[in-house]
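> Have a look at the structure that comes next, please.
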Amino acid sequence: MTEKRTKNVTIIEVARLAGVSTATAGRVLGGYGYSSESIRDKVREAAEKLGYRPNLLARGLITGKTQTIGVVAGDMESPFYASVLRGIADVARSRGFGIVVTNSDEILQREREAVQLLTEKQVDGMIVTPSDLQTAQHLREIVAAGCPIVQIDRLVHGLEADAVTVDNAQGAKACIEHVIAAGHRRIGLISELEQFAAGDLKSFIDLEAHGRVDAATLYPSWQRLVGYLQAHREAGIPVDLDLVRRVGAYSAEAAKEETLDLLQGNGRPTALFTTDGLMSAGTMDAISELALDLPQDLSLICFDDLEWMRFLRPGISAIAQPLNEMGRTAARLILARINGDTSPFQHQILAPSLRVRGSVAPLKAEGRQGSTRPERRKSAKA
């Protein structure tokens, strides 16, 4: 039975009760060096009886390990990161590791500060969602200093580190193929499409058409645009630039305004594809304001399967990302590196899955679906 103590139990007291030296007790409780099975049993029994709790900081000074993993998330409030973090935490806990979670808000300077903080906390490795996919000098310096890193969701060009991402292009392509199979040819796209330094939207589409785009190191929204373009090209459908809307900010309100503009314009689409949960929320707000019914007036398909999509009638068809598995895979990779794995760096690409519900309907034979120009729903105060 564990004795109740009013102060922290020291390793000296554990050693005295077990009848061994302090150094021997330290080796057993710290998990380093050699001790016989009988000695290990004596020390552990003494520690349990006294209610000993290890001083992880002191053990870290001896072993060079703190049994912690640092995580830099883009936005901890997002359901995306909640699921990823759960996967990381489950694996880390099963291996006796804790996690220290920081948030960058997708701002490079905050990411640098978060990485610096985790470095000062002497974490054994980091799992990072990088916001700079080209330079990322702070991550290159960490890797050069010997701290292992696993990238999630995105891939920094030329960074010698493992990565876990989702096949965004294939997932988006599956969405558009599903809509095309229903007879749609005018398919709008709502996406933030931030941070592309090589020109405007038309320039990107031209580069992609000529095979001059390296999708691996693009931000996810641009990878999803690649899937949208590939599906059109393989179906022999020309891409109408007026239907591709670059929101330019990770904002539901901005997505709403862009959707309203698209749906109230001439030659509006018969179907919409949104490239993430926030874009989907803004788009649904616009659809509600215009009093459009899904899928009678407009078909809709989304990337990121959020809970409300299952419950909102008629149910929103969406791509589900394996987020928990992304976190679990990243945790397994970082723990392997912490434990000395020197095998070639891995880029594991996980496959998303299409969840078909009721928001995509066959295009009406007589008259193009959604051909009339909707008006904004009048406010109750009007």
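Nothing in this text is a laboratory measurement; each read-out follows from the coordinates by a stated rule. What you see is a predicted model, and the numbers here were worked out from it, not measured in a lab. Note that each Cβ is placed from the backbone with ideal geometry, even for glycine, and that neighbours are counted across all protein chains shown.
> Please list, in order along region 296-305, the HN-Hα scalar couplings obtained from phi with the Karplus expression 6.51 cos²θ - 1.76 cosθ + 1.60 (θ = phi - 60°), rounded to whole Hz, x for Gly and Pro.
These are the phi-based 3J(HN,Hα) values: 4, 8, 7, 8, 9, 9, 10, 9, 4, 9 Hz.
> Can I ask one more? In degrees between 0 and 90, to the nearest 10, how far off the longest principal axis of the chain does helix 37-50 point, with axes built from Cα atoms?
Result, in degrees: 80.
> Follow-up question, since we're still on this one. Only helical DSSP H runs with n ≥ 4 go in: add -39500 (n - 2.57) per run for the chain, normalise by residue count and round the 222 nm mean residue ellipticity to 500 deg cm²/dmol.
Only helices count here, giving -13000 deg cm²/dmol.
> In whole Å and largest first, what semi-axes does the C-alpha gyration tensor of region 106-232 yield when each eigenvalue is scaled by 5 and square-rooted?
Equivalent ellipsoid of region 106-232: 34, 15, 12 Å, largest first.
> Using only Cα atoms and rounding to the nearest 10 degrees, what angle (0 to 90) does helix 79-94 make with the longest principal axis of the chain?
With both axes taken from Cα atoms, the answer is about 20 degrees.
> Under 4 °C and 1.567 mPa s, how fast does region 54-167 diffuse according to Stokes-Einstein, given a Kirkwood radius computed over C-alpha pairs? Answer in µm²/s, whole number.
90 µm²/s
> R0 = 22 Å: FRET efficiency of LEU117 with ILE349, Cβ-based, nearest 0.05?
0.15
> Quick one: Debye curve from the C-alpha atoms of region 168-316, no solvent, what's log10 I(q)/I(0) at q = 0.18, 0.20 Å⁻¹?
Debye output, listed in q order: -1.05, -1.32.
> Could you give the length gained by full extension between ASP90 and GLU77, i.e. 0.36 nm per residue of separation minus their alpha carbon distance, to one decimal place?
Taking ASP90 through GLU77 to full extension adds about 2.8 nm, to one decimal.
> Right, next: Among the DSSP beta bridges whose two residues both lie in the chain, what percent are antiparallel, rounded to the nearest 5?
Once the DSSP bridges in the chain are tallied, antiparallel ones form about 10 percent.
> Another question, if that's okay. Pick out which of GLY358, GLY70, GLY33 has the largest mean-square fluctuation in a Gaussian network model of the chain, springs linking Cα atoms closer than 10 Å.
Of GLY358, GLY70, GLY33, the most mobile in the Gaussian network model is GLY33.
> Follow-up question, since we're still on this one. Taking the Cα centre of the chain as the origin and placing charges on Cβ (Lys, Arg +1; Asp, Glu -1), which of ALA351, ALA249, SER21 is farthest toward the positive end of the dipole?
My answer, from the dipole projection, is SER21.
> Do you know the Lys pair count in the chain for C-alpha distances under 24 Å, with sequence separation 8 or more or different chains?
Number of lysine pairs found: 11.
> Report the label-to-label distance for ASP242 and GLN195 in nanometres (one decimal), using points 7 Å from each Cα along the Cα→Cβ vector.
It is 3.3 nm.
> What is the order of LEU312, LEU241, fewest Cβ neighbours within 10 Å to most?
The most exposed by this proxy come first: LEU241, LEU312.
> Just one of (i) 1.25; (ii) 1.21; (iii) 0.97 is Cα Rg over 2.2 N^0.38 Å calculated from these coordinates, so which is it?
(i)
> Can you check what the net charge comes to around GLN346, using other residues whose Cβ is under 11 Å from the Cβ of GLN346 (Lys, Arg +1; Asp, Glu -1)?
Residues close to GLN346 contribute a combined charge of 0.
> Based on other C-beta atoms within 10 Å, arrange MET76, MET326 from fewest to most.
Placing the least packed residue first, the sequence is MET76, MET326.
> Now for a different question. Given R₀ = 25 Å, FRET efficiency for GLN134-LYS202 by Cβ-Cβ distance, to 0.05?
About 0.70, to the nearest 0.05.
> Cα axis of helix 252-263 to longest principal axis of the chain: angle in degrees, 0 to 90, nearest 10?
Approximately 20 degrees, to the nearest 10.
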